[in-house]
1. Ignoring ligands, DNA and RNA, please state the percent of accessible area on the chain from carbon and sulfur, probe 1.4 Å.
2. Taking the Cα centre as origin and putting +1 on Lys and Arg beta-carbons and -1 on Asp and Glu beta-carbons, what dipole magnitude results for the chain, to the nearest 20 debye?
3. Roughly how many debye, to the nearest 20, is the charge dipole of region 1-70 about its Cα centre, given +1 on each Lys and Arg Cβ, -1 on each Asp and Glu Cβ, and no other charges?
4. Over 29 Å between Cα atoms, which of Lys65/Lys113; Lys31/Lys65; Lys37/Lys109; Lys65/Lys141 qualify?
5. Not counting ligands, DNA or RNA, and with a 1.4 Å probe, what is Ile165's accessible surface area in Å² rounded to the nearest 10?
6. How big is D, in µm² s⁻¹, for region 22-146 by Stokes-Einstein at 25 °C and 0.890 mPa s if Rh is the Kirkwood radius over C-alpha pairs?
7. Excluding ligands, DNA and RNA, what is the solvent-accessible area per residue of region 47-189 at a probe of 1.4 Å, expressed in Å²?
8. May I ask you to compute the full-extension gain from Met133 to Thr62, defined as 0.36 nm times their residue separation minus their alpha-carbon distance, rounded to one decimal in nm?
Amino acid sequence: MTTDNMFDVLIIGGGVSGMSCALVLGSAKNKAFVTDKNIGIFTHQKNSSLQEAIFYNAYGITPGKLGSELLTESTQDLATTYPHITQIANEKVIRVEGTYPEFTVVTNKNSYKTKNIVVGIGSANTFDIEGLMQFVEPHKKALPEKQRIQLKNEDHKVADGIYAIGTLAGWRSQLAIAAGSGAAVATDILTLWNNGVQTHSHDSIR
């Protein structure tokens, strides 16, 4: 099945960096330059490092929190708070085709059109998305024996319309770093949508 509607951005990966990116993009829904944007996220999480994590040192997270609980809660929170974001579950991305601003993202079940792609599926050397393999290089901040990889990027940008986040962008494996990386790219995309005028998204009780 091929979906006819064009996404403005598709986020690949439902771990810390991917969900963080989706939450920030979702929170900007009332900005004039975001209201018409079609945002989606592949929430495939089977290989997320969060599955085996427990947190005592992450800002804003109750000590003793299991990473597996965070994975479940984050998708529920996204659905409740920002239901306009399309969550695509149980699909594995196998190939990316095309160039900016028209990519096709092919999964094991469907294919989707999108203008921008954000990739946040971790730094394991099992990375095998066709169409992105030419960007793979050894991870610069991981021990060599771990055989971690990253995508070549400059300030998260891999190529026009393609962004890497979290450990796949070359960051160390800490929840706060991955979350910040995803949020940073979300604000880069918001700035792109705002015709290059620097922007961000804050929620306020004022």
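The values are calculated or read from the model by the stated rules, or taken from the named source; none is laboratory data. Since the model is a prediction, treat every value here as computed from it, not as a measurement. Cβ atoms come from the backbone with ideal geometry, glycine included; neighbour counts cover every protein chain shown. Ligands, DNA and RNA are excluded from the accessible area calculation, which covers all protein heavy atoms including side chains. Shrake-Rupley method; radii C 1.70, N 1.55, O 1.52, S 1.80 Å.
1. Of the solvent-accessible surface of the chain, carbon and sulfur hold 50 percent.
2. Values: 18 positive and 19 negative charges, 54 e Å.
My answer is approximately 260 debye.
3. Value, rounded to 20: 160 debye.
4. The answer is Lys65/Lys113; Lys31/Lys65.
5. 0 Å²
6. Result for D is 146 µm²/s.
7. Values: 7700 Å² over 143 residues.
I get 54 Å² per residue for this part.
8. Here the segment from Met133 to Thr62 would lengthen by 21.8 nm.
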